[in-house]
Structure formats: structure tokens, C-alpha cells
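Visitor: Here it is, the structure in full.
Read-outs: derived from the displayed coordinates by stated rules, not from any lab. Source: prediction; values computed, not measured. Cβ atoms come from the backbone with ideal geometry, glycine included; neighbour counts cover every protein chain shown.
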Amino acid sequence: MINYARTGTVDRNEAEKRLQELRSQINYHNYRYYVLDDPVISDGEYDRLFRELLDLEQRFPDLVTPDSPSLRVGGPPLDQFATVRHAQPMLSLDNVFSAAELAAFDEKIHRYLQMDDEIIYVAEPKMDGLAVELIYEDGLFVLGSTRGDGHVGEDITAQLRTVQTIPLRLRPDSGQPVPASLSVRGEVFLTRAGFAELNRQREEQGEPLFANPRNAAAGSLRQLDPRVTAGRPLSFFVYAVGDTSVTPCASQGELFDYLAGLGFRVNPLIRRNATLADVREQYDRLLEIRHDLDYEIDGMVVKVDSFALQQRLGNTARAPRWAVAWKFPAMQATTVIRDVEFQVGRTGAITPVAILEPVAVEGVIVQRASLHNEDEIRRKDLRIGDTVLIQRAGDVIPEVIKPIVEKRTGSERPIRFPETCPVCGHRLVRPGGEAITRCVNPHCPAQRLQSLVYFASKSGLDLEGLGKKNMEKLFEAGLVRDLPDIFRLRREDLARLDGWGEKSADNVIRAIARARKTTLSRFLAALGIRYVGEVTAGLLARRFTTLEELMNADRDELLEIEGVGEQVAASLVDYFSDPSTRKMLEELFAAGLTIEPETAGERPLEGRVFLFTGSLKSMSRSEAKELVRELGAQVVSGISRRVTDLVAGERPGSKLKKARELGIKVLTEEEFLELTGRKAGGDDGT
Ligand code: IVH
């Protein structure tokens, strides 16, 4: 083999040819080393090949291709991250916490599919890292992104190129068909050893330490300078593709074989299970070996193996119906309660918070834990000075499980629940039958501040730059006291604030300008009305096209909506009948807020209300309901004049007779399938 780089007189054509050889050789050896953990050349030989590649590329910089392993050391730094829209959303997963809950999940699937046979599940370790999407075009890695909000993420292609276990080109000699475009999803993570080493270096350099491998991996990927990312030992395990139909696979099990063939690293602990008992065994095994693994896992993901069944089950807005995360029990530790603070929430709820002797739970320092409410403190018989067992589950706030009574010395003091609001001094109220004590002063500054924080948060209008800390500042400075004030903020007021500059002021003003136009569901969620979260806000926005319509709706109209119960209806009526709410809303609109119609894709059945009776041959009741909901219609369970369509299957009940009396349109199953674009026979109408 001639080392052209060293001969000095290499022409362009020769260089191009040699570079191609070098790329494919180095990529192959990378794959042997990092993915298969089975190298076939020595480190010295590998280094020689790599150096030759670098030499040649330096002489012919225009011959550097996107699959060149030299890019693994990191390209030039970026100014900012571009955004990337995922062609298929990157969904979340629903959780279960016990074998019984898993059995309920399995039962629900059987019911939904109307199937009696055992369902085959693939069970995979749930990696505690970061979900990313990798796009391959004609086998070449061209675009990598974070999950973001599931629909839009950030372009981190250059950073992901530095991850050795991510193929820059799908293995050309795999013999597998390579689709023109392939979206691959998986988890980027840091090994425990890599994490420990990284923190050791940071400690040496006096830099702040990462709390856990997951944060370290996230911090490493969100580096504008890919060379920094390259210095972090990140790994990647694949677990899904965006669109299974572009692959030759019919199941999750086949998909893993296929992806391994293309050069991806597949977690060796993944199993295909013929029975639910096997799934449970797999869970016990993972739980047992969890701490021996070189990476963190926080549970096991259980997926229906067959893609055909996955397709029939479909997704909710948030998560697939065909998969579930079976979480490991939370992580526990013991520590001491030093004191108790009482926090005032957005709705005036008083939450007791234990101030703890700081303690590390799986690498995260815990210093505060929620005590929930007065009854919980009594039930657990907690005292200040107690040694307690605490637990942390994923990202949620840690909680106190119980006192270790044996450790009491007699010097412990009881926890006294306050009688007046710790912030405004107003009398606290605890309505009979409720566990929550509240400050009922509508002008309580703490409540106002929390509402403002919530309004600007990701669950609300997502006002970038107006996080908790900054909102507190604005509140204390008297610039923002109520929601409309946000939209009246002026650039010069912000720029004058301590620690703010022109740039941060500009950013906030821009974020506010963007948020001026919003949708009904988003706005409702942002208001932070009691019991009205994102999901309920979505239901309301489906039923009512304008805020005015919703404000004028009475309790009964609200109760007709599936998913809206007594509590929600009462809370809404309460909220909107309050004159101060009306005044606040008027001011918001006067300050330029506009609510635009929802853009939820094709909603041909918008405005129609469906009711089902009798059983359908081609699909289950739940499938049918979900189908019409997806098309924009509403589903109700009782007959009323509001119903626009009654679908009558076999052996219909009394609803059919009533519908006829009321003159409501009645559809047969065939007519229903035609209307919804599905052909009879259950072939999904495609
Ligand atoms: S499947 C539509 N498989 O869990 C399927 N996710 O809570 C959705 N995760 O964002 C993902 N290991 O970051 C899947 N083997 C695995 C996983 C896994 C970890 C993460 C992933 C996702 C989150 C959902």
C-alpha cells in the first residue's frame, strides 16, 4: 500500500480515490471497535490510517465529505442552533409502576384490538439519556436533531457526528436495502465511567460538576462548539425509526436486526417475549443487573412487536398506545429534616416543604422534599429533626416516605401548620373534605407571582427569557403585577434592570411579541385555571371555537364534553364569572393579545358530535371513537339534541330509537367507514 500523502506528488484524482478508500476503511474499523467491540487492527495501524486521511484532507480541503471520520473530532463552532421539524412526532411514553399495571396495559390492548391470543412484546432497557433523531439520505448521515417538544427540535448534526457509535454512512456492504430517506431514533448517553472521568477533569479545572450522566450528556450535546462534544465519550443506542414502512421489517424484533445490519449499535439486553410472564421475568432481571451496567437505565420499555398491530393501536397526542415504560422503583436515601417551609402556589394552595440535610441520591443532591399537605404530615407523623427515608423518581420533586422512628432522640419538634398565609398574612382556609389548605386572598402576591410564572412557562405561553427568576425580578421591581402587564412591558424598562442589557431586553420583548398571537388551547392552559391543564384545555378548544363561547357556556354544556367532569366545570364557571377575571381578559386583549383558530391539520368532522351504539364488526368502539376524534369530531356517551351523528352497529340499544325520535342522522357501519375514509374489512383504508 502506497502512502500517497507522504510522496508529496499526489494528483487530485489519486487523492480522491485514496480518500475514499481511507474513509471506508476507517469507518469500518470504527464500527468494529465501537459498535461490535471487536477490533481487527491495532491502535497503531488505525492511527496511521487516520493521520494519512487528515494529511490528504488538509491538502485537498474540498475533498472532505460529510461521511469523513475526520469530522468526528468536531467541525467549526456554530452561532446558534437551527430548528428542525420532525416529519413524524417524537412521542413520549406512558408509565406503569407494577406488574399489575402492566397486566392492565396488556388487557387494554387486547380489548382495543378485540384479540384473545397472547401478544408478543419486545422489552428494552429504558436508557436514561437523550432522545435524538438521525436522518440518513441515500445512506449518508445528513441531519441530526434533539427531540425538543416532540415536533420541533434543534439541529445538532455537527455534535452528533462526533459520537463514534453513530454511523456517518450506513454500512454499504450489509446487503440490506437502504431507503432513500431514513429517520432513525435512539438515545445518546454517557457511560458511568465516562461521566466519572468527565467530572474528575472538571473538578481539576475548577469547573462546576455535572449532577448525573444524563445532565452531562445533555450539556455535551448542546455545545455550540462540536469540538467540545467530541471530547466527551458519548454513546448511542438505536430504538426506533420514524416511519417503519420504508424498512423491509414487519416487527420491532426484525427492525433491530435490520438496524444492526446497517451499522447501528443495538442494546444486547433487548428481548422478544412470547408471553407476559416472560416480560415480567425480563424486568426482574434488568432490575437485578441495573447497577452492574455501565450506563444508567430507569426502567424497561415494553412494545407490541408487530408493526401491523402497532398501526391499529395508533398514538394519542402524547404517546403510542402500543408501548409503555415500566419504571424502576424510585431511588431512596435517608437524611434529616432541618426545617419546614410553607410555599404558596398559583391557586393559593399551601405546600409544606421539608428542608433537608443535603444528601446524594444516585448522583443528585437533594435538599428539599415535598410533604404534600397537613394530613400527610400527620399520617406519617413527621417532626423537625427526624431522620427520614426520602425518594426521588426521575425528574419529579423528591418526597419524604417515612420517619425512621428508631432514630428519635426526643429533641424532635412537631411541625406546626400556619393559620395565616406566610406571604400576605391572610387567614388560611381548608374546606371540609379537602386535603389542601389555601390562601383565599385573590390579591395575595405569592399567588399572583406564581400565576405569572406559570403563564410564561413552557406549560403556558412559553415566553423565552421570562423564567421564574426573571419574573420574580420584574414582580419585585413592580413592572409586572398582573398578566396584562407582561404585554405592556417596554424595552427601556427591562434594559434598566439590574443585570439586564439591551440584548436580553430585546430578546424578551421579541418573545412577548411572538406570544401575542396564540391559540385558544394554549391560552386556556396558560391561565392556570384550577383543574384545567393542557389536556383539558385541548378538549375545551375542540368544543368551543372562541373564548367568548366558552365564557358563556353553562355548567351543563361543559359537562357534555367527554373528559370534563363536575370539578372542571365548576372551576371554569367560577373562574369566568369572576368580574376581576373578565376585567383582566379585557385588558389582555386591549394590550394586543389575539387568539387564532387552532391549526390541527385536517379536521373534516369539526363541529360534529358522534354517539355510538351496538358493536362494530371492523373495529372496536375505542378505535372508532379515536378515529372520529382525530378527524375533529367530538364523542359523547349520552343522547341529546346536540348529537349530530349516531353510528349504529350490531344489536343497537335504545339510543337508536331515541335518535330516530329526535330526528338525528343515523349511520350504518358501512356509511360510517365511508365517511371516515376507511373501507370495510379493516384494511385501514389505505
Ligand atoms: S421508544 C414512540 N425505547 O424514553 C416510542 N424510548 O419516555 C417512544 N427511551 O423520549 C420512544 N429508552 O428518550 C423508546 N428503548 C427505548 C427507550 C426510550 C429510553 C426514552 C426516550 C423517550 C422517552 C419516552
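Visitor: Return the unpartnered cysteines for the chain, using a Cβ-Cβ cut-off of under 4.7 Å.
Guide: Cysteines lacking a close Cβ partner in the chain: C249.
Visitor: If you don't mind, there's one more thing I want to ask. Which whole number in µm²/s is D for segment 323-382 by Stokes-Einstein, with the Kirkwood Rh taken over Cα pairs at 20 °C and 1.002 mPa s? Please report the intermediate quantities before stating the final value.
Guide: On the way: Rh = 13.4 Å.
The estimated diffusion coefficient comes to 161 µm²/s.
Visitor: Grab the Cα-Cα distance for F589 and R368, subtract it from 0.36 nm times how many residues apart they are, and report the gain in nm with one decimal. Don't skip to the answer; put the middle values down first.
Guide: Details: separation 221, 0.36 × 221 = 79.56 nm, distance 3.95 nm.
Length gained, F589 through R368: 75.6 nm.
Visitor: Follow-up. Determine, from the Cβ-Cβ distance of I41 and E464 and an R0 of 51 Å, the FRET efficiency 1/(1 + (r/R0)^6), rounded to the nearest 0.05. Mind showing how you got there, number by number?
Guide: Values: r = 49 Å, r/R0 = 0.96.
For R0 = 51 Å, the calculated efficiency reads 0.55.
Visitor: If R0 is 35 Å, what FRET efficiency do you get for E21 and N215 from their C-beta distance, rounded to 0.05?
Guide: Numbers: r = 41 Å, r/R0 = 1.16.
Taking R0 as 35 Å, the efficiency between E21 and N215 is 0.30.
Visitor: Which of the lysines could a cross-linker span from K407 if the Cα-Cα distance has to be under 20 Å and same-chain partners fewer than 8 positions apart are dropped?
Guide: The reachable lysines, counting only those whose Cα sits under 20 Å from K407, are K380.
Visitor: Additional query: Kirkwood Rh and Cα-based Rg: tell me the resulting Rg over Rh for segment 172-275, rounded to two decimals.
Guide: Working: Rg = 17.4 Å, Rh = 16.0 Å.
On the Cα set of segment 172-275, Rg over Rh gives 1.09.
Visitor: Any chance you could list P(r) for segment 546-686, counting all Cα-Cα pairs in 5 angstrom bins from zero, rounded to whole %?
Guide: Result, from short to long distances: 2, 8, 15, 17, 16, 13, 11, 7, 5, 4, 1, 0 percent.
Visitor: Distance from the Cα centre of segment 320-367 to that of segment 190-236, in angstrom?
Guide: Result: 25 Å between the Cα centres.
Visitor: Using only Cα atoms, find the angle between the long axis of helix 534-543 and the longest principal axis of the chain, and express it within 0 to 90 degrees, rounded to the nearest 10.
Guide: For helix 534-543, the angle is close to 70 degrees.
Visitor: Something else about it: What is the P(r) of segment 13-86, as percent of Cα-Cα pairs per 5 Å bin from 0?
Guide: 3, 14, 23, 21, 15, 11, 9, 4, 0
Visitor: Beyond 18 Å, how much of the Cα-Cα pair distribution for segment 214-273 remains, as a whole percent? Walk me through the numbers before you get to the answer.
Guide: Numbers: 884 of 1770 pairs.
Percentage above 18 Å: 50.
Visitor: Tell me, what does the Kirkwood hydrodynamic radius of segment 325-429 come to in angstroms if you use every pair of distinct C-alpha atoms? Display every interim value, and only then the final one.
Guide: Values: mean 1/r = 0.0688 Å⁻¹.
Averaging 1/r across every pair of different Cα atoms and inverting gives 14.5 Å.
Visitor: Nothing charged except the Cβ atoms of Lys and Arg (+1) and of Asp and Glu (-1): what's the magnitude of the dipole of the chain about its Cα centre? Round to the nearest 20 debye.
Guide: 1480
Visitor: Sequence gap at least 6, Cα distance under 8 Å: using those rules, report the relative contact order of the chain to the nearest whole percent.
Guide: Here the relative contact order equals 9 percent.
Visitor: Further question: Which peptide among 201-208, 449-456, 189-196, 477-484 comes first, and what is the full order, when sorted by highest mean count of other Cβ atoms within 10 Å?
Guide: Working: 201-208: 9.5, 449-456: 22.5, 189-196: 19.5, 477-484: 17.0.
Packing order, densest peptide first, comes out as 449-456, 189-196, 477-484, 201-208.
Visitor: May I pose another question? Once amide H atoms are built 1.01 Å from N in the peptide plane, which residues 5 or more positions from A240, or in another chain, come under 5 Å H to H?
Guide: The answer is R185.
Visitor: For segment 195-337, what does the equivalent ellipsoid look like in terms of its semi-axes, each the square root of 5 times an eigenvalue of the Cα gyration tensor, given largest first in whole Å?
Guide: Values: eigenvalues 213, 96, 43 Å².
With the √(5λ) rule applied to segment 195-337, the semi-axes are 33, 22, 15 Å.
Visitor: Still on this model: Among G592, S571, N507, pick out the residue whose Cα is farthest towards the positive end of the charge dipole of segment 485-632, where Lys and Arg carry +1 and Asp and Glu carry -1 on C-beta, about the Cα centre.
Guide: Towards the positive end, the residue furthest out is N507.
Visitor: How far, in nm, would the chain grow between R192 and F81 when pulled straight, counting 0.36 nm per residue and subtracting the alpha carbon separation?
Guide: Details: separation 111, 0.36 × 111 = 39.96 nm, distance 2.78 nm.
Length gained between R192 and F81: 37.2 nm.
Visitor: Once you have the Cα-Cα distance between A104 and K503, take 0.36 nm times their residue separation minus that, and quote the gain in nm to one decimal. Could the numbers behind the result be given before it?
Guide: Working: separation 399, 0.36 × 399 = 143.64 nm, distance 5.26 nm.
Extra length from A104 to K503 when fully extended: 138.4 nm.
Visitor: Once every DSSP H run of n ≥ 4 in the chain is given -39500 (n - 2.57) and the sum is divided by its residues, what mean residue ellipticity at 222 nm do you get, rounded to the nearest 500 deg cm²/dmol? Please report the intermediate quantities before stating the final value.
Guide: On the way: 26 runs with 248 residues, N = 686.
Theoretical 222 nm ellipticity from helices: -10500 deg cm²/dmol.
Visitor: Let me ask you something else. Can you give the log10 of the normalised intensity I(q)/I(0) at q = 0.13, 0.23 Å⁻¹, computed with Debye over equal Cα scatterers of segment 137-233?
Guide: Summing over Cα pairs of segment 137-233 leads to -0.53, -1.23.
Visitor: A further question on this structure: What percent does the relative contact order of segment 310-406 come to when contacts are Cα pairs within less than 8 Å and at least six residues apart?
Guide: 25
Visitor: Moving to a separate point now. What is the dipole size for segment 81-202, taken about its Cα centre, with +1 at each Lys and Arg Cβ and -1 at each Asp and Glu Cβ, in debye to the nearest 20? Mind dumping the intermediate values first?
Guide: Details: 12 positive and 18 negative charges, 133 e Å.
Computed charge dipole of segment 81-202: roughly 640 debye.
Visitor: Between Q88 and E419, what's the calculated FRET efficiency when r is the beta-carbon distance and R0 is 51 Å? Round to 0.05.
Guide: 0.40
Visitor: Shifting gears a bit: Could you work out the relative contact order of segment 348-459? I mean the mean sequence separation of Cα pairs under 8 Å and 6+ apart, divided by the number of residues, in percent. Walk me through the numbers before you get to the answer.
Guide: Working: 157 pairs, mean separation 26.1, N = 112.
Worked out over segment 348-459, it gives 23 percent.
Visitor: Just from the alpha-carbon atoms, what are the Rg and Dmax of segment 457-586 in angstroms?
Guide: 16.7, 51
Visitor: Can you pull the semi-axes for segment 561-632, root of five times each eigenvalue of the Cα gyration tensor, sorted largest first, whole Å? Write down the numbers at each step before the final one.
Guide: Details: eigenvalues 252, 68, 11 Å².
For segment 561-632, the semi-axes come out at 36, 18, 7 Å.
Visitor: I would also like to ask the following. How many times 2.2 N^0.38 Å is the alpha carbon radius of gyration of the chain?
Guide: The chain yields a ratio of 1.11.
Visitor: Principal axes first, then extents: for the Cα atoms of segment 245-309, list largest minus smallest coordinate on each axis, whole Å, largest first.
Guide: 37, 28, 15
Visitor: Just to confirm the number: angle between the C-alpha axis of helix 252-261 and the first principal axis of the chain, 0 to 90 degrees, nearest 10?
Guide: On a 0 to 90 degree scale, this one is about 30.
Visitor: What order, most packed first, do the peptides 633-641, 604-612 have when packing is the mean number of other Cβ atoms within 10 Å of each residue?
Guide: Numbers: 633-641: 15.8, 604-612: 18.1.
In decreasing order of mean packing, 633-641, 604-612 become 604-612, 633-641.
Visitor: Would you mind computing Rg(Cα) / (2.2 N^0.38 Å) for segment 387-466, counting N as its residues? Present the calculation step by step, with values, prior to reporting the outcome.
Guide: Details: Rg = 17.9 Å, N = 80, 2.2 N^0.38 = 11.6 Å.
Relative to the 2.2 N^0.38 Å estimate, segment 387-466 comes out at 1.54.
Visitor: Further, regarding this structure: Please check which bits of segment 299-335 a label hung off I401 would reach, taking the label as a point 7 Å along Cα-to-C-beta and the cut-off as backbone N under 18 Å.
Guide: Of the residues in segment 299-335, 299, 327-335 have backbone N under 18 Å from the label point off I401.
Visitor: Give me M471, M584 ranked fewest to most by other Cβ atoms within 10 Å of their Cβ, as a rough exposure proxy. Don't skip to the answer; put the middle values down first.
Guide: Values: M471 21, M584 14.
In increasing order of surrounding Cβ atoms, one gets M584, M471.
Visitor: A further question follows. Take peptides 59-71, 261-273 and line them up by average Cβ neighbours within 10 Å, highest first, as a rough protection proxy.
Guide: Working: 59-71: 15.6, 261-273: 18.4.
The packing order, highest mean first, is 261-273, 59-71.
Visitor: If you take every DSSP beta bridge whose two residues both sit in segment 556-686, what share of them, in percent to the nearest 5, is antiparallel? Please list the in-between numbers first.
Guide: Details: 1 of 10 bridges.
Approximately 10 percent, going by the DSSP bridge assignments.
Visitor: Inverting the mean 1/r over all pairs of different Cα atoms, compute the Kirkwood radius of segment 1-143 and quote it in Å. Provide the component values of the computation, followed by the final result.
Guide: Working: mean 1/r = 0.0497 Å⁻¹.
It is 20.1 Å.
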